[in-house]
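Have a look at the structure below before the remarks.
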Amino acid sequence: MITFFSTPKPFRGHIGIIQRNAIQSWKLVHPDAEVILFGNEEGAAETAGELGARHEPEVDRNSLGTPLLSSLFDRADRLARHDRLCFLNADILLTDDFLAASSRLTHMRERSLMVGRRCDVDISQPYDFSIPDWGQRLRSMARERGRLRPPQWIDYFVFPRGLLYQQVPPFAVGRPGYDNWLLWKVRSMRVPVVDATQVVLAIHQNHDYSHHPGGQGGLWRDVEAQQNYSLLGKGHFATIDNSTHRLTPTGLQPNYYHWVVQARRKTLALGSAAWFALLGLTRPLRHKLGLRQGVVAKVQSEKK
């Protein structure tokens with residue numbers, strides 16, 4: 001069986017609706033599925049009590065009050081009732097295909113990390129889980145109206161207890177970089193990273209970013225984002241394309257494409273390093289010829 005854990009935003013307005021939708025879907029994955037909500041945000045305790053989740057208000061935070069990923073992972077590892085853990089964002093809807101995939105993988109490769117791409121869907125109202133075939137209807141709606149996001153958008157992580165205990169740096173939750181680090185870390189441990197996109201439809205409920213004064217762009221540029229980038233470090237980056245395996249309807253298959261992805265990334269890195277080395281060598285000549293500013297402008301435009 002499985003323990004889900006997450007740290008929600010305050011339960012207000014639209015974000016409150018979609019978080020309640022998500023938590024109910026996790027609870028319905030299996031009668032014995034456990035859900036732990038970390039943090040003391042507005043409405044968390046009341047929602048946990050109403051929906052049958054476990055509320056743990058204490059979580060380590062950075063100087064700006066944002067929960068730290070290291071605290072979530074270590075506390076979940078110690079507190080969970082089950083030996084299979086799933087960290088996921090509190091706006092992700094799951095159906096019975098999730099547990100089926102996780103159970104299959106546990107039998108094949110218990111020591112592994114299961115991830116998958118998400119499908120973005122507009123949902124503005126409480127979802128009706130009383131319908132007997134709610135999961136099938138939800139998946140049909142997502143396939144018809146949803147948008148499958150690229151492999152760098154990673155919103156759930158399934159792994160065995162102990163795999164990442166006291167291994168995770170103090171990333172700020174809700175800022176970039178930590179998801180890419182988690183995939184890199186597990187790969188570096190020579191543990192299979194399994195892409196379950198073909199058999200799991202993880203549904204992300206679209207929302208705005210009014211909780212941040214800078215909007216969505218601010219989440220990628222603010223001081224907490226910069227701290228996450230620093231923790232990410234050079235080369236400690238992977239996406240779902242770097243998964244070592246893929247879980248398919250017929251079984252677990254090696255993902256040979258991840259070697260292509262690795263080679264391409266290294267080639268781009270070498271090309272970039274060579275280009276900037278050339279700029280350094282030719283700077284005096286370019287300065288004399290009045291070309292320096294033009295070259296810099298060209299590089300900046302290519303980055304955009």
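The values are calculated or read from the model by the stated rules, or taken from the named source; none is laboratory data. Computed from a prediction, not measured in an experiment: that's the story for all the values here. We place every Cβ from the backbone using ideal geometry, glycine too, and count neighbours over all the protein chains shown. Note: accessible area is taken over every heavy atom of the protein model, side chains too, but ligands, DNA and RNA are not part of it. Shrake-Rupley method; radii C 1.70, N 1.55, O 1.52, S 1.80 Å.
Some observations on this one:
- From the options 145, 117, residue that is more than 12 Å from the chain's Cα centre (by Cα) and among the basic types (Lys, Arg): 145
- Per the listing 49, 43, 116, the residue uniquely in contact with a Lys or Arg (Cβ under 9 Å, 6 or more places away or on another chain) and among the small types (Gly, Ala, Ser) is 43.
- Checking 103, 63, 70, 112 one by one, the residue that is touching a strand residue (DSSP E or B) at 6+ places or on another chain (Cβ under 6 Å) and of a type in the set (Gly, Ala, Ser) is 112 and no other.
- Segment 161-195: number of residues that are under 14 Å from the mean Cα position of the chain (by Cα), open to solvent by 30 Å² or more (accessible area, probe 1.4 Å) and among the aromatic types (Phe, Trp, Tyr): 1
- With respect to being in contact (Cβ under 8 Å) with a residue 24 or more places away in the chain, open to solvent by less than 30 Å² (accessible area, probe 1.4 Å) and closer than 30 Å to residue 226 by Cα, residue 98 falls outside the description.
- If you go through segment 4-36 and pick out every residue that is without any contact (Cβ under 8 Å) to a residue 40 or more places away in the chain and open to solvent by less than 20 Å² (accessible area, probe 1.4 Å), you end up with 2.
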